[in-house]
Amino acid sequence: MALDDFKDVIHRCFRCGYCKFTSNYTDFNCPPYNKFRLETFSPGGRMWLIRAMMLKDIEPSQHLADILYSCTMCANCVEECRFKFHDDIVDIIMEGKASLVESGMVPPTARDFFKNIYLSGNPWKEPQQKRGDWARHYGIPVYKPGDEYLYYVGCIGSYDQRVQKMAGAFGQLLLRAGLSFGILGEDEYCDGNEVLMMGEQGLFEYLAQKNIELFKERRVNKIVTLSPHAYNVMRNKYPRLGGDFEVVHYTELLKELISSGRLKVPGGRKIKVTYHDPCFLGRWNSIYDEPREVLESVDGVELVEMRRNRENAFCCGGGGGNFYTDIIGGGESSPSRIRVREAADTGADIIAVACPTCMTMIEDGLKGEDLDEKIMCNDISEIVLDAITSAEEG
Amino acid sequence: MPVKDGNSLYAGLTDILGQEFVSKEPEELYIYSRDSSANPPRPVDYVVMPSSVEEVQAIVKLASSKGIPLIPMGAALNLEGLTLPLKGGIVVDMRRMDKIIEVSEMDRYALVEAGVSQGKLISYLEEKYPMLQHSVPDAPPSATVAGSCLICGYGHLSTNYGTHAEMVNGLEVVLPTGEILRTGSAMLSTSLWFGRGSLPDLTGLFLGWLGTTGIVTKLSIRLYPRPPIRDMVIYMMQDSSIVPDVVYRITHTEVAEDVSIVGQERPEWMKGYQIIAAYVSAHTEKELDLKKSYLKRISKEEFKSKVSFMEEAPGELKEQFMELPFFATKVADWKKGGGFEYVGAIMPIDTLPEAWEKGIDIAHRFDMLYSYAIRVVEGGHHVLFTYSYPFNRADEVSMHNALSALKETQKLSLALGAIPWKPEVDGQKEIIKKMDKGTFKLMQRIRKLLDPGGIMNPGNWEVD
Ligand SMILES: Cc1cc2nc3c(=O)[nH]c(=O)nc-3n(C[C@H](O)[C@H](O)[C@H](O)COP(=O)(O)OP(=O)(O)OC[C@H]3O[C@@H](n4cnc5c(N)ncnc54)[C@H](O)[C@@H]3O)c2cc1C
Ligand code: SF4
Ligand code: SF4
């Protein structure tokens, strides 16, 4: 795809602003618009600016780059725009970013992100050989041909100390369920979802092809991903490049393991949990029920909803590379802080997440709001595992 | 007209608002110099977003000291280019002032800041005061409540209670000199917002003036009971000449809370029909049935076979008609081109048949399909007739046709004795030509008095 492919669509945006809201208009649900409030930062503003760039009415600039890269690709606009072309909006924004990549006008942090991934396979220039180190502690095996599932962990799960625990919790549940699976460890490479969302299409294709070749070489059929971002790209974008695998998100697999009885979840302690829908699981892939069903299968969990949930969930602010570039982070009006305030309003003890990016953003939000002593951020696997182990400990 | 002394002005603005909410970047200047209408872009020098009345005051004082135009803006959805600067200057985007300050359930009003969107007020009332409602225009929910009141707009309760200007209890305004004025009951105290009162009615100095007399920072608007049941009946006819009589009979029953008339050529089955939607609300099913029975009698007793009555509109149609706000925005995609604009003509109801037939001629002359939405106002004292012209933003011929049709329709409505609603700059000039000379002079004197430096949205309501 190229921006030119949207030339018959892009001018159809009326700048009416339905896309800024939740479905019932309670709040502005486009994170950068909510923060910056200038019309340029709204979905419609972006559509008009990208068209202006196509028509050469405006030149690529650093400010334009900030406007486009502040988009978290949360897809609220896709959900709420009332017109038939709504599915194209995020693709158009992605192509707008691709034009900026071509003209060398991306935010400096985005440039570093691409460079680091190209050179090191992850955004933080961490050594590749250490990618699988976290797994040893949990006894999680390396994938071998014939295993049922490849457990794809992703960059954040591999290197972020907090998210390693999330990755470990899910791995332990798979071990308990007796599934044959393994990780790629030091052979795992970035999935490319964020790179694609940030418009670096060449780098994305390079990563995707590298992964597809490796998966084929290892005779992978089924992949379970920790991250909804990896899930999205492997399920929806890899097939075009020849990578046709059966991809599931870990919450889908957990649900299946629990409902088939392969994973027994006894009652845990009484806790009030609110679930934060990740954009790449919810709005991008319509998975809303499975994570909730897993949580509800844990006796003792009282699931309470935030004001904005499911299709209306407010993004944590980390998508589209923003967990790294941090264009909309900082201050009281940063999306993650708004989201944890909303979670606190429910009276929940735990904010349950199902995405490594969300976990890092929500943890930051809790610290920013001084709520980290009051509310915990746990991933769904951690909650399930905790219920199992605390029952075992009596 | 480039702004003189730009650097010190920019520094002054950022002193007031911080850098985040002042822009002179090409991207913001591009977006704010254009709106969703077919009007040509008009250059903007700065965009600012204040968050408090004090900030608005400081901006006004700075602009006044430098003689720079200020253009107050809500969501820029007026569809007439009214927030595009005619003489350059600073666009003041009011949407950071978006607090719902107070709702008085007993006195049935809401006091809101000028940047509160329709969507926010709708959802707030639904959640916290489900027994109350405000009159919702067919505009997108991102439009501001203030914008609609200040242009004397219309909504789903206008058939009973009049225009949105009439629903204003009072305003807080920053005058072009930087002083603050309160109107209505708030003239006596900053905490009294319950009514317009019987004092000299200064509220009118800001209604219909298109941002040329001051920047409104707060407004109190009336709320109305919201019965739990809302339903509708539909009348269909193929003769525009009987529409005034049917509407007269409907409004005379006093049971319909909203009466709208629709006419369009697409979908095909609607072509040639006048469709009247009469909305009823009720507290019980029994009350609803009774009200509907009054409305049903009309077609049967007087109009017989000329008018068909539908007690139940078919599912999808009913869903569309019942939505609040009504999704009028859909017209923008009819030409797959992201644009439409309309002429709103406020006219006595007996003018409607002629306005209907002549409008079809104009639409067809400019290669367009006719599309009308007409709202009966204040119990039937007049109607707001809107002629919509969709266009394709990427096709110059289509834009040209829409603009030509708009101009012709403006002329038609003036010739029919109608008042063009929220007219764009050329329309304003046409109105001034027809206006009583003494009245126009008084308007100019009022403006001079309020805005000695001529900084408020200059070019509007002016001869040249
Ligand atoms: C699809 C569609 C349907 C519509 N249907 C309706 C309808 O049914 N009824 C209706 O009434 N309108 C309708 N409109 C017109 C218009 O959108 C609304 O009236 C809307 O409420 C205008 O609000 P806004 O915030 O966009 O105001 P803007 O367009 O930003 O401003 C309107 C005018 O008010 C001035 N202004 C705005 N804020 C201030 C302020 N704080 N102080 C001083 N002056 C100010 C501006 O300078 C301008 O002259 C429709 C528009 C669209 C696009
Ligand atoms: S993207 Fe859709 S909803 Fe948003 S402004 Fe454009 S047309 Fe309206
Ligand atoms: S994807 Fe999300 S952040 Fe990006 S424009 Fe749409 S609503 Fe805004």
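Tabulated results
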| quantity | calculated |
| --- | --- |
| Estimated [θ] at 222 nm from DSSP helical runs (n ≥ 4, -39500 (n - 2.57)) normalised by residues in chain A, nearest 500 | -13000 deg cm²/dmol |
| Protein accessible area in the protein assembly as shown, 1.4 Å probe - carbon and sulfur % | 50 percent |
| Residues of region B:353-390 with amide N under 12 Å of a point placed 7 Å along Cα→Cβ from B:ALA415 | B:355, B:358-359, B:361-362 |
| Vicinal HN-Hα couplings computed from phi for region A:376-384 (Karplus, 6.51 cos²θ - 1.76 cosθ + 1.60; Hz; Gly/Pro x) | 9, 10, 10, 8, 4, 4, 4, 5, 5 |
| Kirkwood hydrodynamic radius over Cα pairs of region B:14-137, then Stokes diffusion coefficient at 4 °C and 1.567 mPa s, in µm²/s | 81 µm²/s |
| Considering only the protein assembly as shown, percent of DSSP beta bridges that pair antiparallel, nearest 5 | 70 percent |
| Percent of C-alpha pairs per 5 Å bin, region A:3-106, short to long | 2, 14, 26, 27, 19, 9, 3, 1 |
| Heavy-atom accessible area, 1.4 Å probe, ligands and nucleic acids excluded: residues of region A:12-29 down by at least 10 Å² from chain alone | A:ARG12, A:PHE14, A:ARG15, A:CYS16, A:TYR18, A:LYS20, A:PHE21, A:ASN24, A:TYR25, A:THR26, A:PHE28 |
| Dipole magnitude (debye, nearest 20) for region A:239-339, charges at Cβ of Lys, Arg, Asp, Glu | 320 debye |
| Over 26 Å between alpha carbons, listed pairs B:LYS87/B:LYS335; B:LYS218/B:LYS448; B:LYS318/B:LYS422; A:LYS97/A:LYS237; A:LYS216/A:LYS264; B:LYS271/B:LYS291 | B:LYS87/B:LYS335; B:LYS318/B:LYS422; A:LYS216/A:LYS264; B:LYS271/B:LYS291 |
| Partner chain coverage, peptide B:371-377 - average Cβ within 10 angstrom | 0 |
| Virtual spin-label span in nm between B:HIS381 and B:TYR248, 7 Å along Cα→Cβ | 1.9 nm |
| Chain A: angle of helix A:89-102 to the longest principal axis, Cα-based, in degrees nearest 10 | 70 degrees |
| Loop sites in region B:268-344: trypsin sites (Lys or Arg not before Pro), DSSP, at most 15 other Cβ within 10 Å | B:LYS271 |
| Interface A:B - total buried accessible surface [probe 1.4 Å, Å², rounded to 100] | 3500 Å² |
| Trypsin sites (Lys or Arg not before Pro) restricted to DSSP loop in region A:256-357 with at most 10 other C-beta within 10 Å | A:LYS270 |
| Relative contact order for region A:266-392, counting Cα pairs under 8 Å that sit 6 or more residues apart, in percent | 32 percent |
| Calculated FRET value between A:ARG82 and A:LYS222, using beta carbons and R₀ = 35 Å, to 0.05 | 0.40 |
| Shielded residues, region B:10-54 - accessible-area loss of 50 Å² or more between chain alone and all protein chains, probe 1.4 Å | B:GLU20, B:GLU27, B:GLU28, B:TYR30, B:ILE31 |
| Rounded, prolate or oblate (a/c below 1.5 giving rounded, otherwise prolate when a/b exceeds b/c) for region B:295-436 by Cα gyration tensor | oblate |
| Computed [θ] at 222 nm, helices only, for chain B once each DSSP H run of length n ≥ 4 contributes -39500 (n - 2.57) | -9500 deg cm²/dmol |
| Region B:288-366 versus region A:28-89: alpha-carbon centroid distance in Å | 35 Å |
| Longest to shortest principal axis, alpha-carbon extents of region A:189-283, angstrom | 49, 30, 19 |
| Region B:399-464-region A:244-310 distance, computed between alpha-carbon centres (Å) | 60 Å |
| Per residue, in Å², the accessible surface of chain B once ligands and nucleic acids are set aside, probe 1.4 Å | 40 Å² |
| Paired Rg and Dmax values of chain A, which use every Cα atom, in angstrom | 20.4, 69 |
| Quarter of the Cα convex hull surface for chain B, i.e. its orientation-mean projected area (nm²) | 21.9 nm² |
| Prolate/oblate/rounded label for region B:36-79 (Cα gyration tensor, a/c 1.5) | oblate |
| Overall dimensions of region A:121-256 as given by Cα atoms, namely Rg and Dmax in Å | 13.7, 40 |
| Cα shape, region B:359-417, gyration tensor, a/c 1.5 rule | prolate |
| Qualifying trypsin sites (Lys or Arg not before Pro) for region A:152-249 [loop in DSSP, other Cβ within 10 Å: at most 15] | A:ARG219 |
| Between helix B:396-415 and chain B: long-axis angle, C-alpha atoms, 0 to 90°, nearest 10 | 80 degrees |
| Computed over the protein assembly as shown, Kirkwood Rh from alpha-carbon pairs, angstrom | 29.3 Å |
| Accessible area in square angstrom per residue, chain A, 1.4 angstrom probe | 36 Å² |
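The values are calculated or read from the model by the stated rules, or taken from the named source; none is laboratory data. These numbers were taken from a predicted model, which means no experiment stands behind them. With ideal geometry, Cβ positions are generated from the backbone for all residues, glycine too; neighbour counts draw on all protein chains shown. Note: areas computed on protein heavy atoms with side chains; ligands, DNA, RNA excluded. Shrake-Rupley method; radii C 1.70, N 1.55, O 1.52, S 1.80 Å.
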